[in-house]
Each structure stands twice: as structure tokens, then as C-alpha cells.
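So the structure is just underneath, and the comments pick up after that.
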Amino acid sequence: MSTAMQPDVATWHELLATVESNEGVHRVTMETLRRLEGRQRVGKHILSSIEDKLATLGLGHLPKELPNRQQQTVLLYRVGTPASALVQAVQQGLTESPSSEAYDFLRRLNTLPDPDDVVSKEELAEEVQDATQAVLALLRKVRPEAQSGPLPQGKVVDITTLLEAAQ
């Protein structure tokens, strides 16, 4: 997973599309946001206008207060996503007593599987393919007529009996 920023975008809708294509999270400079807003400088009123535009697009941001320096980076996230829930839980915990929703979210987060233990669809498909080939090889050992191709369609084969015979 890359943390690099994507090339600059030309419109607010391109920015939204970029966030969406990056699983709802994207880094962008304040310079890009300022340019999208059509302004030369980042000031108090421009920051407010940028925040309003991001909210209209359904995007939240970190830090909570947009920086006023063009070279600073902002992390954008899609509101309503797990990333958004995590940000809200942490921000709420920093400013007030955490809600039951924050508690529930953080508990669910802790029960997610370890990414190292998760098998990708590709790995799973490869393992299923290998297992299928092994079963077919056993079937062909027991039923030599299966050597010439697949088993006849519509015919029920008791695989248990065939596998026991192969041992």
C-alpha cells in the first residue's frame, strides 16, 4: 500500500474520484486545495470555503483544522467509512467522554483479523485449483476411463468410495 500522493487534480470532482479510487483515503497538499478553490493565497476565509466544499463532497480531513501553509499535507477521507468512524472516535475521545459508538467501533477494530493471516482471493483460488487437480489425479488412478477427459456430466460419483479405493 502506497502512502505517496497522487498527481494533482484539476477539479473538485477529480479529487473526489481520486479519494474513491484510493479506498476512501487520499493525501493532498493545501496548495492543491487552494488551487481548486481558485485562490492565490490560503487565508481564514479560504480555509472555511475549502472545508465547506470538502463537506459538500462528503469528505473529512486531518488535521481537524486545515493548515494555512500551502506546502502542508492534508489527509482526506470519505465520511461514512470505517476510516471516518475511527477519526471521529479518536477526536471525540480527545475532546469529551467517548460515546458508546466509539467504544463499539474500537472493539470491532480490535477483532479484525491480522492482515498477515488473511488469504487473498488469488491465493485461495490457486489452492482450490491445486486441490482440484489432486482429486482428479486420484480419481483417474481409480477410474482409468477418466484418463481421456472429464467424468461424464450428470453422473453422480461417490468420491468417498473412490478416494478410499485410491489409498
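Examine region 90-109 for a residue that is of a type in the set (Phe, Trp, Tyr), outside the structural domain of Asp8 (by TED's automatic domain parsing) and closer than 30 Å to Ala17 by Cβ, and state whether such a residue exists. Outline the logic, then answer.
Of the residues in region 90-109, the ones of a type in the set (Phe, Trp, Tyr) are 103, 105.
Narrowing the set further to residues that are outside the structural domain of Asp8 (by TED's automatic domain parsing) leaves 103, 105.
Among the residues that remain, those that are also closer than 30 Å to Ala17 by Cβ are: 105.
For region 90-109, residues of a type in the set (Phe, Trp, Tyr), outside the structural domain of Asp8 (by TED's automatic domain parsing) and closer than 30 Å to Ala17 by Cβ: present.
Give Ala89, Ala102, Ala134, Ala85 a once-over and let me know the one that is modelled with pLDDT under 75, assigned to a helix (DSSP H, G or I), of a type in the set (A, V, I, L, M, F, W, C) and on the phi < 0 side of the Ramachandran plot. Lay out the reasoning, then the answer.
Working: Ala89 fails: modelled with pLDDT under 75; Ala134 fails: modelled with pLDDT under 75; Ala85 fails: modelled with pLDDT under 75.
Testing whether each residue is modelled with pLDDT under 75, assigned to a helix (DSSP H, G or I), of a type in the set (A, V, I, L, M, F, W, C) and on the phi < 0 side of the Ramachandran plot leaves just Ala102.
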Tell me, please, whether a residue that is farther than 20 Å from Val87 by Cα, in contact (Cβ under 8 Å) with a residue 24 or more places away in the chain and among the polar types (S, T, N, Q) can be found in region 37-46. no
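The values are calculated or read from the model by the stated rules, or taken from the named source; none is laboratory data. Everything numeric here is computed off the predicted structure, so don't read it as measured data. Cβ atoms come from the backbone with ideal geometry, glycine included; neighbour counts cover every protein chain shown.
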